[in-house]
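Everything on this sheet refers to the single structure shown next.
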Amino acid sequence: LPNRLKGNEKSVWVEYIQLALQYKPLNLGQGFPDYYAPENVTNALAATAKSDNPLLQQYTRGFGHPRLVNAIAKLYSKLINRDLNPNKEVLVTAGAYEALYATLQGHTNPGDEWIIIEPFFDCYAPMVQSAGGIPRYIALKPKSTSGTVTSGDWVFDRKELESLFNNKTKGIIINTPHNPIGKVFTLDELQFIANLAKKWDTLVVSDEVYEHIVYEPYKHIRIATLPDMYERTITIGSAGKTFSVTGWKIGWAYGPENLLYNLQVVHQNSVYTCSTPIQEAVAIGFELEMERFDQSECYFRSLAKELLPKRDYMAKFLQEVGMVPTIPEGGYFMLANWSALENKLNLHEETDENKDYRFTKWMTKNVGLQGIPPSAFYGPEHKHLAEDYVRYCFIKKDENLKAAADILKKWV
Ligand code: PMP
Ligand code: GLN
């Protein structure tokens, strides 16, 4: 393995998807719905496949299918109250993954530092490192760990964040709504981050793939909308998360032309162009949601409504078996502290270094329920902070959430 890839050998997804195939647990691990995607987008894809325009099955414009970049620019022009140029300020990518990759490859020189907030979606650190950059970590920590904990209780220390910024800082990567905590960053927190980015003249990469999954009364705030922030922000989204079609793997980045240019250079020589029919179908999906934007049926509103009872049901059954869940303000994951159940486990049967890996593997094999070990979302120094936790996904059929509750109740 080339040196720049060393240290990136392990992937929690590769390992845990294999584990699920082998032991066939009830799978609350990887984040995807186990039920039908909304008909609007699946019908649009079917119609695209049968379209009388033969070119819809062929290569399309490299930086994004025209119909899709137009739809994306129209939507975000409205959401961030600024006219986006569809051809210069939007790039369509192979999932949010590629948008992150093109951003970090395209904006990192050897030795550049990127500030990463822990826990973080696990690919950020390897992407920074393989681009020659250096991750600098700061952990969100819960203000309290008993009673009812919400994702808003998880905060960063402001002095500590301030101390990470220096002349080598290229940028900070934020994720709101947050995976795995479900935190929806407040205006005050975002303004604090924005002020540091301006003071040190750094970039902000804002991973907003769960932007439409926010529970009342919380509101998603785009850091690109804060004063003088558009100029330094690259914002990332995902059709997989927006329309509950994670297998479609279409994402995007938007931001100022000069910053997006670097991403285009990476994209044109790696992926070059993404799937045409899927982009066409996503574009049709956006056009429909734009038409009914202010109505309650708009999927950007209805999805969170659909997920709220699932969230509350999961929080309740986790509490009933003695875990302490963090109630998320957004997204579809729930972090839970399982340390009160330690006497019911035989963790010595597993050999992993981190206890949350031993817990999740033991549960998969012996209890039949799979979650994700959140220490995968921390840098090497802070993995211990996550060892008493597990991440469960709740965008699952009610009957499967009920089955998860039954499995846990039977076990404890
Ligand atoms: N960022 C976060 C925070 C995620 O949870 C995910 C997984 N959906 C991604 C990026 C990657 O998204 P995609 O599946 O569109 O590549
Ligand atoms: N974003 C999803 C999750 O966090 C899927 C990640 C993946 O498949 N690599 O579970």
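The values are calculated or read from the model by the stated rules, or taken from the named source; none is laboratory data. Everything numeric in this text was worked out from a predicted model, so none of it was measured. Glycine gets a Cβ as well: all are built from the backbone with ideal geometry, and neighbour counts include every protein chain shown.
Take S206 and decide whether it is crowded, with 21+ Cβ neighbours inside 10 Å, hydroxyl-bearing (S, T, Y) and on the phi > 0 side of the Ramachandran plot.
Considered against the rule, which asks whether it is crowded, with 21+ Cβ neighbours inside 10 Å, hydroxyl-bearing (S, T, Y) and on the phi > 0 side of the Ramachandran plot, S206 comes out as no.
Can you find a residue in segment 269-283 that is within 16 Å of ligand 2 (Cβ to nearest atom), in contact (Cβ under 8 Å) with a residue 40 or more places away in the chain and among the small types (G, A, S)?
no
Filter the strands (runs of 3 or more DSSP E) completely within segment 200-290 down to those with at least 1 residues that are within 30 Å of K396 (Cβ to Cβ) and either touching a Cys at 6+ places or on another chain (Cβ under 7 Å) or hydroxyl-bearing (S, T, Y) (or both).
Once the strands (runs of 3 or more DSSP E) in segment 200-290 are filtered for at least 1 residues that are within 30 Å of K396 (Cβ to Cβ) and either touching a Cys at 6+ places or on another chain (Cβ under 7 Å) or hydroxyl-bearing (S, T, Y) (or both), what remains is 203-207, 233-238.
Here are the criteria: (1) in a helix (DSSP H, G or I); (2) farther than 30 Å from V265 by Cβ; (3) not aliphatic (A, V, I, L, M). Tell me which single one Q30 does not satisfy.
Condition (1) is where Q30 drops out.
Would you mind finding the one in E208, E231, E189, E216 that is within 14 Å of G255 (Cβ to Cβ) and more than 16 Å from ligand 2 (Cβ to nearest atom)?
E231
List the helices (runs of 4 or more DSSP H) inside segment 298-412, counting only whole elements, that have at least 2 residues being hydrophobic (A, V, I, L, M, F, W, C), surrounded by fewer than 23 Cβ atoms within 10 Å (Cβ to Cβ) and in contact (Cβ under 8 Å) with a residue 40 or more places away in the chain.
299-320, 398-411
Quick one: which of E98, E89 is away from ligand 1 (no atom under 16 Å from the Cβ) and among the charged types (D, E, K, R)?
E89
Hey, G7 hits all of (1) under 15 Å from I250 (Cα atoms); (2) small (G, A, S); (3) at pLDDT below 95 but one; which does it fall short on?
Among (1) under 15 Å from I250 (Cα atoms); (2) small (G, A, S); (3) at pLDDT below 95, G7 violates only (1).
What number of residues within segment 82-118 satisfy the criterion of being on the phi > 0 side of the Ramachandran plot and surrounded by fewer than 20 Cβ atoms within 10 Å (Cβ to Cβ)?
1
Just checking, how many residues over segment 94-130 are more than 13 Å from ligand 2 (Cβ to nearest atom), in a loop (DSSP other than H, G, I, E, B) and not small (G, A, S)?
Qualifying residue count for the region: 5.
Would you please name the residue that is nearest to ligand 1 (Cβ to nearest atom), looking only at residues in segment 54-74 that are in contact with a helix residue (DSSP H, G or I) (Cβ under 6 Å, 6 or more places away or on another chain) and part of a helix (DSSP H, G or I)?
Across segment 54-74, the extreme among qualifying residues is L68.
Answer with yes or no whether S151 is of a type in the set (S, T, N, Q), closer than 24 Å to V214 by Cα and within 16 Å of ligand 1 (Cβ to nearest atom).
Criteria met by S151.
Would you confirm whether any residue within segment 11-22 is within 16 Å of ligand 2 (Cβ to nearest atom) and surrounded by 21 or more Cβ atoms within 10 Å (Cβ to Cβ)?
yes
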